[in-house]
Amino acid sequence: MEPLQERTVSCDSGLAERDIAGADPEGMWDSGAMDPPEQEGRTFMQVLSEKYSPENFPYRRGPGMGKVVVPTLPQGSPMKDRLNLPSVLVLSGCGISHAGEEREIAAFCTHVVELDLSHNKLQDWHEISKIVSNIPNLDFLNLSSNPLSEVVLEPSSAEAFARVRRLVLNNTQVSWDTVLVLTREMPELEELFLCLNGYTGVSACTLPCHTLRLLHITDNNLQDWAEVRRIGSMFPGLETLVMANCNLSCIQDSEDTLGRLFPNLRSINLHNSGLSRWEDIEKLNHFPKLEDVRLQGIPLLQNYTNTERRSLMVAHLPSVSSLNGSVVTYGEREDSERFFIRYHVDYPEDQLPYRYHCLVTKYGKLEPLAEIDLRPRCHAEVEVHCEDMVEQVSIRLDQTVAELKKQLRTVVQLSASQMRLYYIDKDSVFGPEEMKYHTRALHSYSIQDGDQLLVVPKTSKGTTATVKP
């Protein structure tokens, strides 16, 4: 085995992994030589050496950072001896289609724990397995948006994923048979992402994956509850199921069956599903550990107000502590359950939901709440007195004293400057109150129907007649 040597030579960007026999020492093609043969895509190590070379990724100390020293490579190899690699590698959208030299991957990536290879050109599981098998501490792998729809995964290649605990296969169109192969060969798998893969059905499995805790399978077309039933059988330890935008039409099965299907499920997301019956919502109560539910955009709730939606949902789900991302407090639950009773008080007996009878047992039959209008009054009918004249006038209470005087000009035949205005509260013992502040709003006087306004003309010298209570 060749001894390790530390060197500080930088990595030539974009020229790694060429045929050693045909590459010049400087990594550049002679101007007179013919063009190099085109290679579809790029290798993992080629991209790695470019992105994390000392020139492009300066060395700095800290968690997940460090220099990696590799054995001296053959004479003339464009791969250098040292790269500054973090423990989390992001190589998204780099055109990667092949692994490259496995010996170099193993030397550089021993400490790597997370790897993002999304939006590349990987379409061969054998090439992917060569990358993964040489990263012994890999915990998270993202292969989203790689073209894997028509690729068969052999069990021998799947063994390379044995240590991976979190796997993302969104928008890869990977087949469900491939998913079954992976889950059989990944004894530590805890999180699996299968969104946007066009699934319309789920194949039954003979060997359940007991370790999986979280499954994201959003934006597929799993309309039949039978598909969800197979998912439950396949992942009996599932704690979180995210199944939004899947057009699920209903929730079937009995209480006992549902309880056995997802015995550990704590969170479920069915946003934008096709659920249209309250019976489907009530069946969520049969999952024994369910505490977090997300249900927005379903046909059932379209004709309700926002307040009605949340109150009725909270009342239907007595064990849920979080609804659509918001905590359900003790006070909100009690208010929602009382609202639920009053909402159904006029329903025929044969149309009352089961939950109604449970809540009546708890609170009794509740009468509808009295409707109290707390909005400020807008108008009042008052008597306007001016000398010997008395007339009923409707006044707006959102106007000012100055605006009221303008309104009364045609009633008392006086200009605003020729009148003094007094307010007389019919229930008060204090007598008339002069309305002397022109900008004061009328509603601040608490004017009621039947109160009086007294207009006293001013004399030519500015004096007025005496006002008697």
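Rounded, prolate or oblate, given the Cα gyration tensor of the stretch 124-164, with a/c below 1.5 counting as rounded? Since a/c reaches 1.5 but b/c is at least a/b, the shape of the stretch 124-164 is classed as oblate. Phi-derived couplings, Karplus 6.51 cos²θ - 1.76 cosθ + 1.60 at θ = phi - 60°, listed residue by residue for the stretch 201-218: x, 10, 6, 5, 10, 9, 10, x, 9, 7, 8, 5, 10, 9, 10, 9, 9, 5 Hz, with x used for Gly and Pro.
Can you compute the FRET efficiency between residue 126 and residue 255 using 1/(1 + (r/R0)^6), with r the Cβ-Cβ distance and R0 = 60 Å? Round to the nearest 0.05. Calculated transfer efficiency: 0.80. The gain in end-to-end length when the residue 379 to residue 449 segment is fully stretched comes to 24.3 nm, 0.36 nm per residue minus the alpha carbon separation.
Per-residue accessible area (protein heavy atoms, 1.4 Å probe) orders 43, 459, 240, 307 as 307, 459, 240, 43, starting from the largest.
In a fully extended conformation the segment linking residue 177 and residue 307 would gain 42.4 nm over its present Cα-Cα distance, using 0.36 nm per residue. Ligands, DNA and RNA are left out, and with a 1.4 angstrom probe the accessible area of the stretch 270-408 is 59 Å² per residue. Considering only alpha-carbon pairs that sit under 8 angstrom and 6 or more positions apart, the relative contact order computed for the stretch 148-249 is 24 percent.
The distance between label points at residue 223 and residue 369 comes to 4.1 nm (points 7 Å beyond Cα on the Cα→Cβ vector).
Averaged across orientations, what area in nm² does the convex hull of the alpha carbons in the stretch 251-372 project?
Average projection, Cα convex hull of the stretch 251-372: 8.2 nm².
FRET efficiency for the pair residue 324 and residue 391, taken as 1/(1 + (r/R0)^6) with r the Cβ-Cβ distance and R0 = 60 Å, rounds to 0.55. To the nearest Å, what is the center-to-center distance of the stretch 205-270 and the stretch 302-354, using C-alpha atoms only? So the separation of the two Cα centres works out to 25 Å.
Sorted largest first by accessible area at a 1.4 angstrom probe radius, with every protein chain in place, the residues 330, 343, 354, 437 fall in the order 330, 354, 437, 343. Summarising the label geometry, the points placed 7 Å from Cα in the beta-carbon direction at residue 264 and residue 407 lie 7.1 nm from one another.
A viscosity of 0.692 mPa s and a temperature of 37 °C, combined with the Kirkwood radius over C-alpha pairs in the Stokes-Einstein formula, give the stretch 93-162 a diffusion coefficient of 268 µm²/s.
Accessible surface of the stretch 291-398, 1.4 Å probe: 48 percent of it comes from carbon and sulfur atoms. Averaging Cα coordinates gives a centre for the stretch 363-418 and one for the stretch 110-171; these two points are 77 Å apart.
Of 365, 289, the order by accessible heavy-atom surface (1.4 Å probe, DNA, RNA and ligands excluded), from most exposed downward, is 365, 289.
As a quick test, which of the pairs 406/436; 405/458; 283/365 have an alpha carbon distance above 19 angstrom in this structure?
283/365
Basic side chains Lys and Arg get +1 at the Cβ, acidic Asp and Glu get -1 at the Cβ, and with that the dipole of the stretch 183-322 about its Cα centre reaches some 120 debye. When the solvent-accessible area of the stretch 135-193 is split by element, carbon and sulfur atoms take up 43 percent of it, the probe being 1.4 Å. Relative to the compact-globule estimate of 2.2 N^0.38 Å, the Cα radius of gyration of the stretch 311-469 comes out at 1.81. Probing with 1.4 Å while keeping every protein chain in the model, the per residue accessible area of the stretch 173-233 equals 42 Å². How large a share of the accessible area of the stretch 196-281, in percent, is made up of carbon and sulfur atoms when the probe is 1.4 Å and the other protein chains stay in place? Looking at the stretch 196-281 in its full context, I get 46 percent from C and S. Approximating the spin labels as points 7 Å out from Cα along Cα→Cβ, the residue 206-to-residue 440 distance works out to 9.2 nm.
Taking all Cα-Cα distances within the stretch 159-245, those exceeding 19 Å account for 30%. Shape verdict for the stretch 156-195, please, from the Cα gyration tensor: rounded (a/c under 1.5), prolate (a/b greater than b/c) or oblate. Judged from the Cα gyration tensor, the stretch 156-195 comes out oblate (a/c at least 1.5, b/c at or above a/b).
The length gained on full extension between residue 103 and residue 361, counted as 0.36 nm times the residue separation minus their Cα-Cα distance, comes to 85.8 nm. What the Cα atoms of the stretch 184-337 give is an Rg and a Dmax of 15.4, 50 Å.
The values are calculated or read from the model by the stated rules, or taken from the named source; none is laboratory data. It should be emphasised that the depicted structure is a prediction, and the values quoted were computed from it without experimental measurement. Note that we place each Cβ from the backbone using ideal geometry, even for glycine, and neighbour counts take in every protein chain shown. In case anyone asks, the SASA skips ligands and DNA or RNA and just uses the protein heavy atoms, side chains included. Shrake-Rupley method; radii C 1.70, N 1.55, O 1.52, S 1.80 Å.
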